[in-house]
Amino acid sequence: MSEMISIEFNHQHQVYHALIRCTSIDGLLQVRVTVMNGDIEPMLSGHHIFVLDGGQLIPVRECQQANTREIQQKIMATLECSSDFAALYGQYFTETHSGEG
């Protein structure tokens with residue numbers, strides 16, 4: 001099952017909008033980011049996927065470019081503060097851990 005939310009984040013004094021698609025893959029919540037403002041979308045190419053592991057978002061691929069890492073960190077911080085994402089994560093956690101005890 002795939003869920004989508006939208007977020008706003010700031011980068012270099014500009015507001016950006018992104019669509020976030022969350023999907024459960026191999027027991028992990030995978031988060032794919034599509035930035036709607038075209039000027040930074042190419043910077044994230046190949047570095048737009050995160051996983052929720054141990055309650056923390058982490059990039060799937062390490063990035064050597066400082067500016068791209070900064071954008072990733074801003075997106076992750078925005079998601080971690082998002083009530084929509086928290087609601088989605090809580091639902092995911094309940095679904096994947098139901099029956100454990």
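Where a number appears in this text, it was derived from the coordinates with a stated rule and is not lab data. From a predicted model like this one, the values you see are computed outputs, not experimental measurements. Every residue, glycine as well, gets a Cβ built from its backbone with ideal geometry; the counts of neighbours run over all protein chains shown.
Quick notes
- Counting charges near Q30 (Lys, Arg +1; Asp, Glu -1) among other residues having Cβ under 12 Å from its Cβ returns a value of -1.
- Taking 7 Å steps out from each Cα toward its Cβ at A77 and V60 produces label points 2.5 nm apart.
- Hydrodynamic radius by Kirkwood, which averages 1/r over all alpha carbon pairs of the range 30-75, in angstrom: 10.8
- Annotation for the range 25-42 versus the range 50-70: alpha-carbon center distance of 11 Å.
- Taken along the Cα-to-beta-carbon direction at a fixed 7 Å, the label points for R21 and N37 span 2.3 nm.
- For the chain, the alpha-carbon coordinates run over 46, 25, 19 Å along the three principal axes, in decreasing order.
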